[in-house]
1. Among the candidates ARG221, ARG236, which residue alone is surrounded by 13 or more Cβ atoms within 10 Å (Cβ to Cβ), closer than 15 Å to CYS280 by Cβ, modelled with pLDDT of 95 or more and not hydrophobic (A, V, I, L, M, F, W, C)?
2. Going through SER23, SER72, SER66, SER33 one at a time, which residue ends up being assigned by TED's automatic domain parsing to the domain that holds GLU108, more than 10 Å from the ligand (Cβ to nearest atom) and either among the polar types (S, T, N, Q) or buried (at least 19 other Cβ atoms within 10 Å of the Cβ) (or both)?
3. Please work out which one of (1) in contact with a Leu (Cβ under 8 Å, 6 or more places away or on another chain); (2) more than 18 Å from ILE148 (Cβ to Cβ) is the condition ILE43 fails and give its number.
4. For residues that are touching a Ser or Thr at 6+ places or on another chain (Cβ under 6 Å) and away from the ligand (no atom under 16 Å from the Cβ), scanning just region 36-63, find the one that is farthest from GLU104 (Cα to Cα).
5. So how many residues does region 1-11 have that are outside any loop (DSSP other than H, G, I, E, B) and in contact with a Ser or Thr (Cβ under 9 Å, 6 or more places away or on another chain)?
6. In region 77-97, is there at least one residue being part of a helix (DSSP H, G or I) and within 13 Å of the ligand (Cβ to nearest atom)?
7. Taking the conditions exactly as written (touching a residue at least 60 places away in the same chain (Cβ under 8 Å) and touching a strand residue (DSSP E or B) at 6+ places or on another chain (Cβ under 8 Å)), does ILE163 satisfy them or not?
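The values are calculated or read from the model by the stated rules, or taken from the named source; none is laboratory data. What you see is a predicted model; the values in this text were computed from it and never measured. Every residue, glycine as well, gets a Cβ built from its backbone with ideal geometry; the counts of neighbours run over all protein chains shown.
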Amino acid sequence: MSDVAVIGLGRMGNALAKALLTSRKSVTIWNRSQGKAGALERIGALKADTPAAAVASSSTLVVCLSDYAATSIVLDEAHSTGFLEGKTLVQLTSGTPKQARHLEKWVESRGGSYLDGAISAWPDQIGGPEASIVIAGRESVLTPIAPILQLLAPNLSHVGTDIGRAKILFNAALSYFAAHWIGFSHGAAMYAAEGMDVAEFGEAIAALSPMFADDVRHMGRAIEANRFADPQSTIRSVGVDISRLVQIAHDLNISSAFPDFAADLFRNAAEAGYGAEEHCAIFKVIRTR
Ligand code: NAP
């Protein structure tokens, strides 16, 4: 029996298996297409020929596939009576809270234990100090395998027994990053349209990053306490600034898709009566469909 079976050897699964092997764990690996196991086999991994063989090889199964649909296909292929009996399946594939809750029931009804996690790291960071994994599930299931997961990510945090929680956290953070990527790219397009050095824009924003940490902490507290009445800037004033981005986009002949969307959101919030409140009060128009 191996210490761990890693199912899925894409960019992330490969990094997970490699970190475990580097930490001298015995690891069985499986991947749908051939050709991704070679480098891992050379550092000691055992290759399983089928999903069933991978599942049979260890009591700790780490799954990292492109989505939950792929996970279902692979587990259906491995399926046989009692095949998960006494095993812990750790799902590190990204997905929705609903998918996590569904898979937990599926695994438990087949005698297995289930943990659902989300990785916050690039593959190159796995096993290093920057890597974080959040895990949802029963503490009694997590405790025995936490040392294995800490080899993947020293920053391992347990977010409770509600199995959907890790995916909420991951996707909420993804929402934050999506705005960050789009906002940066729109600013970069403005720089490029003016013939300016976009790398310098990156440096300018990096210099502001400590301010962002304070701002997200402040917004979290303000929204949690429903306290928006003491603004440093208001929905109305930020809305005017963002509308100007639309004008600049037209002047520079670049896409106005992002400022159009953002200006609409701030306009809606002002029309809903929140114009004098602070910028993160747009939460109140976002939280209802
Ligand atoms: P990837 O490189 O695209 O690998 C996808 C994996 O899923 C491959 O092993 C692929 O097998 C397998 N797969 C897809 N469909 C399948 C199917 N129908 N049956 C069997 N296997 C199937 O993706 P990745 O970057 O490793 O990401 C894996 C997960 O980690 C995703 O949920 C992702 O969101 C999450 N994640 C990734 C990162 C990152 O930076 N890469 C960061 C955080 C979280 P084949 O090799 O045969 O195609």
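1. ARG236
2. SER23
3. It fails just one condition, (2).
4. The residue in question is LEU46.
5. The qualifying residues number 5.
6. yes
7. Yes: the conditions hold for ILE163.
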